[in-house]
1. Is it the case, given these coordinates, that ALA89 is in contact with a Ser or Thr (Cβ under 9 Å, 6 or more places away or on another chain) and of a type in the set (A, V, I, L, M)?
2. Just to be sure before I move on: is ALA140 within 13 Å of GLY58 (Cα to Cα) and buried (at least 22 other Cβ atoms within 10 Å of the Cβ) in the structure I sent?
3. With the condition kept exactly as written, say whether any residue in the stretch 67-82 is in a helix (DSSP H, G or I), under 23 Å from ALA30 (Cβ atoms), under 12 Å from the mean Cα position of the chain (by Cα) and of a type in the set (A, V, I, L, M, F, W, C).
4. Which condition from (1) exposed (fewer than 14 other Cβ atoms within 10 Å of the Cβ); (2) farther than 21 Å from ARG46 by Cβ is the one that ALA97 breaks?
5. Tell me whether the stretch 45-65 contains one or more residues that are touching a Pro at 6+ places or on another chain (Cβ under 7 Å), under 29 Å from ALA139 (Cα atoms) and either buried (at least 18 other Cβ atoms within 10 Å of the Cβ) or among the β-branched types (Val, Ile, Thr) (or both).
6. When you check ILE127 against the structure, is it β-branched (Val, Ile, Thr), assigned to a helix (DSSP H, G or I), farther than 30 Å from LEU8 by Cα and at pLDDT 95 or above, yes or no?
Amino acid sequence: MKFALLTLTAAVVASIAATASAGLGWPVWAMFVGWVAFFTGGHSARAALTSYLCVAAGIGFGVFAAMAVGSLLPLIDFFAFGVVVFVVAVVVVSLRAAPLLNNVAAYFLGLIAFFASHLAPGLAAFIELAVAGGLGTLAAWIAHQLSGKVARYAA
């Protein structure tokens, strides 16, 4: 019974978040990137915010990387990818030492989200993906909070 209630709780919150994302014209898969990012860190509201900020920064790094590759391609051809990936990876992996924003997995989820979107690099792409990811992180936090309440109720 408890297992079924916990499963249904997560499923209901996920379906509401997916419906909201689709209804607002945001990519549902990007919402789920934020959902997954929630589970890469702690489960408090502060940890959820930290994971989200790392995803958003990763999206920003993706925008920067795409613009940098575009600028370098005419100069160094396909080597532009190696140069840009090296620089971005050094920055992202170094952020593991940051006191608060050290969720490397969430940074890479943000990078993946940007490149998977195939959106043109720019502020509009950043906002669309960051907002959808934020919805997913919030939804995962809500599902986690509700699951705790359901578990206590079912016990």
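1. Working: in contact with a Ser or Thr (Cβ under 9 Å, 6 or more places away or on another chain): no; of a type in the set (A, V, I, L, M): yes.
Considered against the rule, which asks whether it is in contact with a Ser or Thr (Cβ under 9 Å, 6 or more places away or on another chain) and of a type in the set (A, V, I, L, M), ALA89 comes out as no.
2. Working: within 13 Å of GLY58 (Cα to Cα): no; buried (at least 22 other Cβ atoms within 10 Å of the Cβ): yes.
No; evaluated as a whole, the condition is false for this residue.
3. no
4. Looking at each condition in turn, ALA97 falls short on (2).
5. Here is the first cut: in the stretch 45-65, the ones touching a Pro at 6+ places or on another chain (Cβ under 7 Å) are 63.
Checking which are under 29 Å from ALA139 (Cα atoms) leaves us with 63.
Adding the requirement that they be either buried (at least 18 other Cβ atoms within 10 Å of the Cβ) or among the β-branched types (Val, Ile, Thr) (or both) leaves 63.
Checked the stretch 45-65: at least one residue is touching a Pro at 6+ places or on another chain (Cβ under 7 Å), under 29 Å from ALA139 (Cα atoms) and either buried (at least 18 other Cβ atoms within 10 Å of the Cβ) or among the β-branched types (Val, Ile, Thr) (or both).
6. Values: β-branched (Val, Ile, Thr): yes; assigned to a helix (DSSP H, G or I): yes; farther than 30 Å from LEU8 by Cα: yes; at pLDDT 95 or above: yes.
So ILE127 fits the description; yes.
The values are calculated or read from the model by the stated rules, or taken from the named source; none is laboratory data. The model shown is predicted, which means the values in this text are computed figures rather than measured ones. Here Cβ is always computed from backbone atoms with ideal geometry, including for glycine, and neighbour counts include all displayed protein chains.
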